[in-house]
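To start, the structure itself, in structure tokens.
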Amino acid sequence: MAPAAQSRLPSRYVIAFATTSWLALSAVAVPGVATADSVAAGPAAVAQALPSGMAWRLGDMVLQLTALRDDVVRVRVGRNGSLPEDASWAVLPAARRASVAVTGFSTADAVGFSTRALKVAVSRRDGGVTVTDRTGRVLLSDLDGAMVPDRRGDGFTMTKSIPDDAHYFGLGDKFGPLDRLGRSFVMWNTDSYGYQEGQDPLYKDIPFFIGYTKGGYYGMFLDNSWRTSFDFGKTRRGELAIGADGGPVDYYVLAGPDPKDVERAYAWLTGTPSMQPLWTLGFQQSRWGYPTEKDVRAIVARLRRDRIPTDAIWLDIDYQQHYRPFTVDAKTFPTFGKMVSDFTAQGVHTVAITDLHIADLPNAGYAPYDSGMAQDRFVKTADGKPYVAPVWPGPTLFPDFTQAATRAWWGTLYRQFYLQDGISGFWNDMDEPAIFDTPTKTMPLDNRHRIDEPGFAARVASHREIHNLYGMQNHRATYEGLLALKPDERPFVMTRASYAGGQRYGVTWTGDNSSTWNHLRLTIPMLESLGLGGFTFSGADIGGFAGSASADLLTKWIEVAMFTPIARDHSDEQSLPQEPWVGGTAQEDIRRRFIEARYRLLPYLYTVAEEAARTGIPMMRPLFMEFPAGLLDGTPLDLATDSQFMLGRALMVAAPPSPESPGPYSVTLPAGGWYDYWTGKPVTNLKPLSLWGAGGLFMTLKDTGPTAPHTLGITPRLDQLPVFVRAGSIIPRQNLVQSTGETPEGPLQLDVYPGADCQGSLYADDGHSFAFRHGAYSRTALSCTLEADHGVTVTIGRPEGSFQPWWHSYRIVVHGLAHAPRGVAGAAYDGAAGSASFVVPANGTAATYRLR
């Protein structure tokens, strides 16, 4: 035994050396690990201590449990006497290689180890794994051993206990309530046009969830790209069943206990979201059904004429010649490059669709086909021939993105569009992959992919294994291809299908949703769930893609979407038009007002976006992420409503739970005090929160002041959306612009909402390059303090970084003041609003201002 390992293990843990077969297994399964002693773990079972965990064997089943960090444990199971290949498309190599020292233990029933945050125990009887946190709270506990093989093939099932108070959140774009308890789901990327509530699976495979129990939160990520399933007590009460048709048993437990800790750990494992260009936070207009250049030009002209702030126009397959990727129909788009440059001059970026299916066109001068065939870049059938199937262009081939060389080749196809034509971003659709005229909607499962990727053994894999990865690798190929063409420009790439870790390559959306009130209602938990899975830069087709939105539905959808990360209005060619002016001037005026509100809020949105890209904490957050204490019993606040969400730390949006209903509804306001975003006034007329269960009302909380959540009654109106500011927040805002390329006039406004732990942040950079990685950014800490004499002190920190932002002064607005303040010369008091404002220089130094 190595001395370091020996010093961490009680003497009772070291009983005997392993058998020869176990030592042979160790050499194969755990290469590079220092020699360690073994201990009899039960009948026919052997355990082995490792410097950062342990290994365990019973017959042909092998477990390896490794502490990557104090709060992250990896569990791997081998079913044939050895562990599977240690490779991953999702988890970063540095994370998989990480380790921390552990302290081993041995009892009559179990062997295991602990870190400063976790304790892992393996049952002597069957190898069942139990993970507890530092408080003794059980996070995950196996019911039937570490794994039950599927007798029908190469699959497996893991069963874990569900505590009585458990709730589960995540799994990506699953349609329905945010809480997954009592439901089951399948991970299999599927083309799901016009999907409805209860339909599953959908477009993305993100096998990661956040669990709640006993007031704490933790995470679990199953790194398995095969068809997998999660049953949260639907089949058997109290049993969490996780299974797969094949592939490795390889999962990670993230300790928490704060949900933000879980998100940071998941980002450490799978990567943070790629930082997006500033313009992508602006309003974006799209439609499948702009058939000519004249039509697209008319849309952009109308947006500018009606002064609807806009940053992007999207081109669906209409612009292509016979729907062939990387072509332009010169008859319908005769001056394509000039059109793009004209839009750029107006502050409008162009995003073009580039589906992955390459038309099967030999001897036709179609360059993507010619170069792809010459380099052997396409997926093969089981008998080794190029796979051809019908999609938009007719018979098509499919790039084999599991090859690094194929991804590099794919990236070169963007040269004309990106470098010459000036298109700003690209859209990878249909990449589940979707196939026409087949009941499975995708390619045969025995198709062959050739893995040729750093970190992987070169081999041939079936589509069963690669299917859920395919869209992610298409997304990756586009992102990396654009980087190769413009190394210092942040690529903008949107994908429909992906896998865990795909957030490293850009943006996604909720797919082909429907123009119904129910889809608007369920967009909120769907986007929250995508954010929990790393895809913070997500949006839903405003107004719905399939079907035609009524004027009121489109208006309300635009209102809500202006507070989501990506705001794109999109619909299909069979739908009625749904541009912002559709339905008359009264509707357009409401929609314009909310789009303008988004543009005024851009400094805050960009600050929150940068936080998400740096830490992994999503922009759009469930209430439990900012208020993990929940109700008095710790229950997550989100269980009371699926229609409320946080945008960053400071803003809470409270959309109607039944947006089509004219009836009043209640908003849950977490503890701590709130302001109305639109008026700046403190929220009053609060009522105690009533808790409801299956048997009806069972508790009404006593009014315990700011330490308890309350409710506020709302009477809905078409032209209003309740938005609240958390007391103790400072929100930066700017004067109105028509695009992010326009510099706002006047000072930057800092709206101060006094309260406990008052804080804010302000971030800026050039909005398009990677210079921020080298210090060319500006980050300013903001804070305020409530004084004993009811005065308010506002502090603006010294900016960090070398970037010089556009503003030269701040207009500070302090809300919630009952009288005109003293202490700052020139401060103007608005008695009706209860606020005071004053202008100060932004000269790069720290400053404090006291109003009393």
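Could you tell me which residue of the stretch 481-513 is surrounded by the most Cβ atoms within 10 Å (Cβ to Cβ), considering only residues that are touching a Phe, Trp or Tyr at 6+ places or on another chain (Cβ under 7 Å) and assigned to a strand (DSSP E or B)?
Top of the filtered list is Thr508.
So which pairs qualify, if the first residue must be in the stretch 55-79 and over 15 Å from Asp223 (Cβ atoms), the second must be acidic (Asp, Glu), the Cβ gap must be under 8 Å, and the two must be at least 6 apart or on different chains?
Close Cβ pairs (under 8 Å, with a partner that is acidic (Asp, Glu)) amount to Leu58/Asp126; Asp71/Asp261; Arg79/Asp60.
Regarding Tyr599, is this residue closer than 17 Å to Ala312 by Cβ, of a type in the set (Ser, Thr, Tyr) and surrounded by fewer than 23 Cβ atoms within 10 Å (Cβ to Cβ)?
Taking the combined requirement at face value, the residue does not satisfy it.
Does the stretch 567-612 hold any residues that are basic (Lys, Arg) and under 28 Å from Ser274 (Cβ atoms), and which are they?
Result: Arg568, Arg598, Arg600.
Filter the stretch 342-367 down to residues that are within 32 Å of the chain's Cα centre (by Cα) and closer than 21 Å to Gln321 by Cα, then give me how many there are.
Final tally of qualifying residues: 9.
Please determine, by comparing only the residues of the stretch 405-423 that are of a type in the set (Ser, Thr, Tyr) and assigned to a helix (DSSP H, G or I), which one is surrounded by the fewest Cβ atoms within 10 Å (Cβ to Cβ).
Looking at the filtered set, the residue picked out is Thr412.
For the stretch 793-846, what are the residues that are touching a Gly at 6+ places or on another chain (Cβ under 9 Å) and hydrophobic (A, V, I, L, M, F, W, C)?
Scanning the stretch 793-846 gives Phe803, Trp807, Val813, Leu817, Ala818, Ala820, Ala833, Phe838, Val839, Ala846.
Among Thr412, Thr406, Thr442, which is the only one that is in contact (Cβ under 8 Å) with a residue 60 or more places away in the chain, closer than 19 Å to Ala367 by Cβ and touching a Pro at 6+ places or on another chain (Cβ under 8 Å)?
Only one candidate passes the filter, namely Thr406.
Being in a loop (DSSP other than H, G, I, E, B) and either buried (at least 22 other Cβ atoms within 10 Å of the Cβ) or of a type in the set (Lys, Arg) (or both) is the filter here; which residues of the stretch 163-179 pass it?
Result: Leu171, Gly172, Asp173, Lys174, Phe175, Leu178.
Would you kindly identify the helices (runs of 4 or more DSSP H) lying entirely within the stretch 554-659 that contain at least 2 residues that are modelled with pLDDT of 95 or more and over 23 Å from Ser286 (Cα atoms)?
602-615, 623-626
The values are calculated or read from the model by the stated rules, or taken from the named source; none is laboratory data. What you see is a predicted model; the values in this text were computed from it and never measured. Don't worry about glycine lacking a Cβ; one is built from the backbone with ideal geometry, like all the others, and counts go over all protein chains shown.
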